[in-house]
Amino acid sequence: MLPITLFREQPEIVKASEKKRGKDPAVVDEILTYDKKWRAGLKKFEVLKHQRNVVSQEINQAKKKKDEKTAKQKIKSMQDVVAQIKKQETVVQKSLEKRDSLIEQVGNILHSSVPVGKDDSENVEIRKFGKVPEFKFPIKDHIELGESLDLFEFDVAAKNSGSRFYYLKNEAVLLSMALQRFAVDRLLTKGYALHATPIMLNKGALKGGVNLSEFEDTIYKIEDEDLYLIATSEHPLIALKRDEMLQEKDLPLKICGISPCFRKELGAHGRDDKGIFRVHQFNKVEQIVYCKPKNSQKFFDELQKNSEELFKELKIPFRVVQICTGDLGNKQSLQYDIEAWMPGQNDKKGNYREVTSCSNCTNYQAVTLNTKFVDKEGEKNYVHLLNNTALTDTRPIIAILENYQTAKGTVKIPTVLQPYMNGLKEIKPKK
């Protein structure tokens, strides 16, 4: 969430950002009203505590003088003060809770370049890479290729686990592992520290990464436990320095994380979302950067470049789009997506579909997680947190199968992945 100091000192900036997001900026004034109530109530609370201390001393003095009458009067006075303290403590706590619950609803301050739009149909294309393949034979989508090449098992997965689960088989498993290792190896050469993360987080850690009220239809809750399955390793990685004070010399922290991810993905979807496109479980290599505020745009560009380089090496056509206000989450100040070309989409006429999301969350998550750094002058500030997908396994597998298919019904393996596939260059039908 945004720091309360921003509301107090620069409310117009917050209002302008909320208005651009298409939200009612009046919430800023409401937050400030509760903030004033909280501060006034806290002041009164402190006065009452001081009064209690004074009366306590007076009781002790009366007892030392054996003045029982005065002591009894003071004790009665003390009881009244204690009752007022309890009542005032409740008033203060309610004002604080209401203020903070409203702050959680306010989005991050938008980057000046974010386009205004109602939904994802108004996201703005920035650039394209690669030539969309032209096939001289009837193509198959990834589901058909998976069936003919014995790469997936959907029916048994549905019987054993439910819809939107799957078994990867044979070369598809090798592809999944190859994509993850390929991404990790590239990031290690760029100075990113590798982490394998917990796949469950408690509420305190998770709320730094997501607004739970927004994601209740996305995140799996463990019954009778203060634990949630992670939707991305972003969440445990940004909680890595929760409640910590970092030193300026320690920044930036550049991390790559590898983990399975779990998402409910509720709602009905057409064929373009079937197979392994929109699923409850997949694997992902994530990029995270902790940095000083003045460097966050620099690292946003770096994270985006890293992901684009991976898809360029895979030789999968893609485009980069900037996410508009109507499609942007609360935590993001700025977001770019890579959309890979998938020939089997749109009744096999092909379409670009999202495979990565690069987000500059500035200090929005750090405020919730209480992650700060102290500079050389001793000044304390919240770090900026950025994240981007390096590679998942499922959607890039779709893109590889559909872009690299041949007239013989086989699938070529991208050259950069062949060393991770035991030298395999082509997926062929099983004998």
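Throughout, read-outs are computed from the coordinates displayed, never taken from laboratory work. Note that the structure is a prediction, hence the values are computed from the model and not measured. All Cβ positions, glycine included, derive from the backbone under ideal geometry; neighbour counts span all protein chains shown.
Quick look at the numbers
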| item | result |
| --- | --- |
| Footprinting exposure proxy for Cys358, Cys261 (fewest neighbouring C-beta atoms within 10 Å first) | Cys261, Cys358 |
| Dipole magnitude of the chain, debye to nearest 20 (Cβ charges: Lys/Arg +1, Asp/Glu -1, about Cα centre) | 1380 debye |
| Mean Cβ neighbour count within 10 Å, used as a protection proxy, ranking 392-399, 27-34 highest first | 392-399, 27-34 |
| D_trans [Stokes-Einstein, Kirkwood Rh over alpha-carbon pairs] for segment 315-396, 20 °C, 1.002 mPa s, µm² s⁻¹ | 143 µm²/s |
| Gain in span if fully extended, Glu216 to Gln105, counting 0.36 nm per residue against the direct Cα distance | 38.5 nm |
| Approximate spin-label separation Ala26-Ala158, in nm, with each point projected 7 Å along Cα-to-Cβ | 4.8 nm |
| Most mobile listed residue (Ala390, Ala158, Ala71) in the chain, GNM with C-alpha springs under 10 Å | Ala71 |
| Max mean-square fluctuation residue, GNM over the chain, Cα-Cα springs under 10 Å, options Glu225, Glu122, Glu265 | Glu225 |
| Extension gain (nm, one decimal) between Asn346 and Asp119, 0.36 nm per residue minus Cα-Cα | 79.8 nm |
| Along principal axes, Cα extents of segment 379-431, largest first, whole Å | 67, 21, 17 |
| Euclidean distance of C-alpha centroids, segment 33-97 and segment 112-150, integer Å | 66 Å |
| For segment 1-138, the spread of Cα positions along each principal axis, largest first, Å | 106, 34, 18 |
| Highest average packing first - 56-69, 104-117, Cβ atoms within 10 Å | 104-117, 56-69 |
| Two-site FRET efficiency, Val173 against Lys136, from Cβ-Cβ distance with R₀ of 30 Å, rounded to 0.05 | 0.45 |
| Dimensions (Å) - segment 52-102, Cα atoms, principal axes, largest first | 53, 14, 7 |
| Net lengthening on full extension, Phe129/Leu42 (0.36 nm per residue, minus Cα-Cα) | 25.6 nm |
| Stokes-Einstein translational diffusion, segment 120-427 - Kirkwood Rh over all Cα pairs, 0.692 mPa s, 37 °C, in µm²/s | 162 µm²/s |
| Sorted by Cβ neighbour density within 10 Å, fewest at the top, the residues Glu144, Glu9 | Glu9, Glu144 |
| Relative contact order for the chain, counting Cα pairs under 8 Å that sit 6 or more residues apart, in percent | 20 percent |
| Order of Val367, Val285 - criterion: other Cβ atoms within 10 Å of each residue's Cβ, fewest first | Val367, Val285 |
